[in-house]
Amino acid sequence: MTKIFFVITAVLGLAAFASAQPHKADRSASDTTSPTTVKAKYEGGIFGSSGRQEGTLKMDNDQERLVFYRKSDNREMFSIPYEAMVVIYPDSKVSTSQTGNVVSKLPLPGAGMAGLLSTRAQYMIINFEDPDIDTEGKANFKFDNKKAMLAFIEALGTKAGMKQRGDAYYRPKPGSPF
């Protein structure tokens, strides 16, 4: 009888103790600032701007454009007007490192496991229409942080007046019911 009483008291005591723990504050609502500048690596896609470059993407809201500044000299490399953007979306790519590929080919026991070493790269892809040369293009930017990339895509899509579909933003065609 005392064992049952002890077990019931212990269970009720632990339940009261667990419910008395304070809840963590919800910080998602307090973080309402959207990023206007973010570090990224240009991977290609802009006509006349070849080669990969590390740098900074900045939303120039005064002139309604997205600007990429090179890291090496902090000069403007190119810009994309907001109205030229057709689709902005995130993408990711999983790849095996060069070291993992080489080690996996060695004739050693367990060397094949090195092929499992992989990295995930996060990309923001912007489809745009270039009115200067009457063509379409895709600009690719590599990000280190997925959350920062998604927050930047959201801020850019909103500033450019685009519609959201999932994590992507698009500009409906004129006369489209969407």
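Scanning the stretch 43-87 for residues that are over 15 Å from LEU156 (Cβ atoms) and hydroxyl-bearing (Ser, Thr, Tyr) gives SER49, SER50, TYR69, SER72.
Each residue in the stretch 140-175 was checked for being touching a helix residue (DSSP H, G or I) at 6+ places or on another chain (Cβ under 9 Å) and among the hydroxyl-bearing types (Ser, Thr, Tyr), and 2 of them qualify. Regarding ALA84, is this residue more than 19 Å from the chain's Cα centre (by Cα), hydrophobic (A, V, I, L, M, F, W, C) and modelled with pLDDT of 90 or more? Yes: the conditions hold for ALA84.
Among the residues of the stretch 140-165, those that are part of a loop (DSSP other than H, G, I, E, B) and either in contact (Cβ under 8 Å) with a residue 24 or more places away in the chain or basic (Lys, Arg) (or both) comprise ASP144, ALA160, GLY161, MET162. Just so you know, in the stretch 128-139 the residues that are over 17 Å from SER50 (Cα atoms) and touching a helix residue (DSSP H, G or I) at 6+ places or on another chain (Cβ under 9 Å) include one that is surrounded by the most Cβ atoms within 10 Å (Cβ to Cβ), and it is GLU129.
Could you tell me which residue of the stretch 41-67 is surrounded by the fewest Cβ atoms within 10 Å (Cβ to Cβ), considering only residues that are touching a residue at least 24 places away in the same chain (Cβ under 8 Å) and farther than 19 Å from PRO131 by Cα? Ranking the qualifying residues of the stretch 41-67, first place goes to ASN61. Looking across the stretch 140-178 at every residue that is under 15 Å from SER92 (Cα atoms) and polar (S, T, N, Q), the one that is surrounded by the most Cβ atoms within 10 Å (Cβ to Cβ) is identified as ASN140.
The values are calculated or read from the model by the stated rules, or taken from the named source; none is laboratory data. Remember, it's a predicted structure, so these values are computed and weren't measured experimentally. Quick reminder, even Gly has a Cβ in these numbers, built from the backbone with ideal geometry, and neighbours come from all protein chains shown.
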